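Notes follow once the structure below has been shown.
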Amino acid sequence: MSKILSRNINAGSVGIVADGGSTTTYGTLPTTSDNIAWLRVAEVGLQEAVTSVVVDDLSGSGSGVEGARYVTAREVAGSMRLAMTHEGIGAVLAWTLGGTTSSSGAGPYTHTYPTGINTPFRSLVHVYTAADGTSLQSEFAGLQVESLSLAIEAGGIAYATINARGFVASRSSTYQLGVAATQTPAADAYGTSVPVLGRTGSVLSYGGNSVACRSLTLSLTRPLDRAVDFGGDYPAEGVLSGPISVTLEVTRAADEDDTATIRAALMAGSAADLSISFTSGTKVVYIELSDAVVTAYGAPFSSGGALVETVTFTAQALTTGDYGFRFRITNAAAAAVTTNGTWA
């Protein structure tokens, strides 16, 4: 009997198309020589979902089993998870947040990635190896990010998870899912890049107060209306259907003075800028929430050990020009989005 070969333990590489028509016009596929940012990924969960319905009045063969069923819509949805690095991650941040600015002159360079209403589309190709050594790929297009999360603990490595929706690329009427690979990932993509380590984190600055933390989870959600228009199977270009939500949840050992400050901020609903950075030599990842308010606080008591608090901050954009939330990355790359290959 035949069997499907599983993927190997390594989740493979993902190539994010960083320019060309597929990044500006929904439904446009990549073309030869479009630049790609190749990244190693720990997990890829993108897959196609097909919606079908039974037409009740067409059923009835006397057996009681449902009758005609028709496909009404298709969509690609899922996630990918990768290590947050000081270099190379710009392709993900520009895709997720929408805007970039970069410093000039001699390096190291500082790149800013602020939130924006409009974000680009991205085509993405996932290249992986089957158990028999065969190189396979799955190709997706029109991907829009719905959420980004970043999690890190004091003794760990930061991992980012991106949830996106789009459609499966079809070439010559063949869906590009698990087909023979035509794209070749860059060798040892960003092999010299430094991952963001918890031990390199600073204290959290909130309204002039320094708050020591043990872990953080950043969550950004973009609510998108992605309805299917007449004449198509896949949803049309997504439209922002509500405000972008940005929260930062931290855990910390309770401290009498800091706890009083945090509780006072929770009760008063007062807003203050928040920032935290992770520094490795000249490489820095800086996270900033503007006009953040404390929206949740918890400190469950146990029979022993330090009292650990969980505090949730929510970003706001109270004035014109406020980004609400942004990343600032300092590294040796002159460009905010660094590519290392082209579409074949």
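The values are calculated or read from the model by the stated rules, or taken from the named source; none is laboratory data. It should be emphasised that the depicted structure is a prediction, and the values quoted were computed from it without experimental measurement. Counting neighbours? That spans all protein chains shown, and the Cβs are built from the backbone with ideal geometry, glycine included.
Can you tell me how many residues in segment 264-276 are surrounded by 15 or more Cβ atoms within 10 Å (Cβ to Cβ) and modelled with pLDDT under 90?
Applying the first criterion (surrounded by 15 or more Cβ atoms within 10 Å (Cβ to Cβ)) to segment 264-276 yields 265-266, 271-276.
Filter once more, so that each one left must be modelled with pLDDT under 90: 265-266.
Within segment 264-276, residues that are surrounded by 15 or more Cβ atoms within 10 Å (Cβ to Cβ) and modelled with pLDDT under 90 number 2.
How many residues are within 28 Å of residue 51 (Cα to Cα) and surrounded by fewer than 16 Cβ atoms within 10 Å (Cβ to Cβ) if we restrict to segment 209-235?
Summing the residues that are within 28 Å of residue 51 (Cα to Cα) and surrounded by fewer than 16 Cβ atoms within 10 Å (Cβ to Cβ) in segment 209-235 gives 9.
Could you look through segment 130-151, keep only residues that are surrounded by fewer than 16 Cβ atoms within 10 Å (Cβ to Cβ) and touching a residue at least 24 places away in the same chain (Cβ under 8 Å), and pick out the one that is farthest from residue 74 (Cα to Cα)? Give the steps one after another, and end with the answer.
Looking only at segment 130-151, we keep the residues that are surrounded by fewer than 16 Cβ atoms within 10 Å (Cβ to Cβ), and these are 130-135.
When the remaining residues are screened for being touching a residue at least 24 places away in the same chain (Cβ under 8 Å), the result is 130-132, 134-135.
Details: 130: 26, 131: 29, 132: 31, 134: 28, 135: 26 Å.
Among residues in segment 130-151 that are surrounded by fewer than 16 Cβ atoms within 10 Å (Cβ to Cβ) and touching a residue at least 24 places away in the same chain (Cβ under 8 Å), the one farthest from residue 74 (Cα to Cα) is 132.
Show the residue pairs meeting these rules: Cβ distance below 8 Å; 6+ apart or different chains; first residue within segment 307-319 and surrounded by 18 or more Cβ atoms within 10 Å (Cβ to Cβ); second residue at pLDDT below 95 and basic (Lys, Arg).
Taking only residues 6 or more apart or on different chains, the pairs are 309/252; 311/252.
Restrict the check to segment 277-295 and report whether at least one residue is surrounded by fewer than 19 Cβ atoms within 10 Å (Cβ to Cβ), on the phi > 0 side of the Ramachandran plot and either in a strand (DSSP E or B) or of a type in the set (Ser, Thr, Tyr) (or both).
yes
Keeping to segment 231-276, report how many residues are assigned to a helix (DSSP H, G or I) and without any contact (Cβ under 8 Å) to a residue 12 or more places away in the chain. Don't jump to the end; show me each part of the working.
Kept after step one, since they are assigned to a helix (DSSP H, G or I), are these residues of segment 231-276: 256-268.
If we keep only those that are without any contact (Cβ under 8 Å) to a residue 12 or more places away in the chain as well, we get 256-257, 260, 264, 267-268.
Qualifying residue count for the region: 6.
Could you list, in sequence order, all residues of segment 320-344 that are hydroxyl-bearing (Ser, Thr, Tyr) and either surrounded by fewer than 18 Cβ atoms within 10 Å (Cβ to Cβ) or outside any loop (DSSP other than H, G, I, E, B) (or both)?
Narrowing segment 320-344 to residues hydroxyl-bearing (Ser, Thr, Tyr): 320, 323, 330, 338-339, 342.
Passing the criteria: 320, 330, 342.
Would you check which residues across segment 97-115 are without any contact (Cβ under 8 Å) to a residue 40 or more places away in the chain and under 16 Å from the mean Cα position of the chain (by Cα) and list them?
First, pick out the residues of segment 97-115 that are without any contact (Cβ under 8 Å) to a residue 40 or more places away in the chain: 98-99, 103-106.
98, 99, listed by residue number.
Filter the strands (runs of 3 or more DSSP E) completely within segment 92-201 down to those with at least 3 residues that are modelled with pLDDT of 95 or more and touching a Leu at 6+ places or on another chain (Cβ under 8 Å).
Filter on segment 92-201 gives 135-153, 159-168.
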